[in-house]
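A short write-up of the structure that comes next.
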Amino acid sequence: MENNNKLTNAINFLLFSYFGITLKSEPDDVMDKAISKAYNDATRQGAFNTQLTDELKEKIEKVKNSSGDKENNLGENLIKENVLALINTSHKNIDKEYFNSWHCSLCHELINCYETALESDEYFTYGNAQKWVNMTMKYLYLINSIYSVYADSNNKFVDSCGEHIDKISKFLHVPVDSYIIESVWDNESIKLPLNKEKLCKNGKRGKYNSEKVVAWSKWKNKNGEYYEFQNTLNDFINKEDKLPIDWEGPAWIDIAIKRKEKNK
């Protein structure tokens, strides 16, 4: 019993430190915190927020504070509504095509939301949108995995969402960022939007350099590059008999460790 209490305390501390939730959090709070954390992943480190002038930040705050505005959290409510709709759809009706259509529609809705608020389409890109959506789904998947093992048997989040999240997990996209791009760089069968003038003279990718590829936060999916990347990545991952969302974690960590060692 003492060991169980220690483990529960440790998991609660980690969950609260990272998400602001515990093993007993209400499903609505879990959803809100996952979406909020995913937003930070999608917009930090110059990908969005540092591009904004004071004037643009004021425009965002004005929309956020608009009373009665259905989307006054600039996309957070939009994601929540769409994710809940997906979870509440019978998993028997969801296949890869359905999920991709849902994903694409939500990304465009998010882009339009910020384009309206900022009166420009220059800032919040498809790259930002995919990261927000994909990290939200990844976090819900991870939280559900933790709850399924360590929470009480009658956990509300698992009871209301767990089975549906498990069923659609095979369709979840890999969140695209520089770590994932670097992890697949040497595999030229995985398509990336490249800066061709930066490649080797023979047209090959050569050693990884961030200047050789369009930064993920600049992806606009004009020519379908995002889905071309996901599809070719899935072809590669399928050969390893893994789910994309399960492949992503170790791949991301591996690059993070290499970068840390390199910067010592």
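Just so you know, all these numbers are worked out from the coordinates, no wet-lab data involved. Just so it is clear, the model here is predicted, and its values are computed rather than measured. Every residue, glycine among them, receives a Cβ derived from its backbone with ideal geometry; neighbour counts consider all protein chains shown.
Per-structure values
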| read-out | value |
| --- | --- |
| The chain: calculated mean residue ellipticity at 222 nm from DSSP helix runs of at least 4, using -39500 (n - 2.57) | -18500 deg cm²/dmol |
| Evaluated over segment 178-262, the Cα radius of gyration and Dmax, each in Å | 13.1, 36 |
| Cα-Cα over 31 Å, subset of 59/207; 24/138; 33/92 | 59/207 |
| Cα coordinate range in segment 120-264, projected on the principal axes (Å, largest first) | 60, 40, 32 |
| Too-long pairs where the Cα-Cα distance tops 20 Å, listed order kept, from 80/131; 37/131; 80/222; 170/239; 131/191; 191/220 | 80/222 |
| Sequence-separation-based contact order of the chain, relative, with Cα cut under 8 Å and 6+ spacing, percent | 19 percent |
| Viscosity 1.567 mPa s, 4 °C: Kirkwood-radius Stokes-Einstein D of the chain over Cα pairs, µm²/s | 65 µm²/s |
| Along the chain, longest interval not containing exposed GluC sites (Glu not before Pro), exposed being DSSP loop plus at most 16 other Cβ atoms within 10 Å | 1-118 |
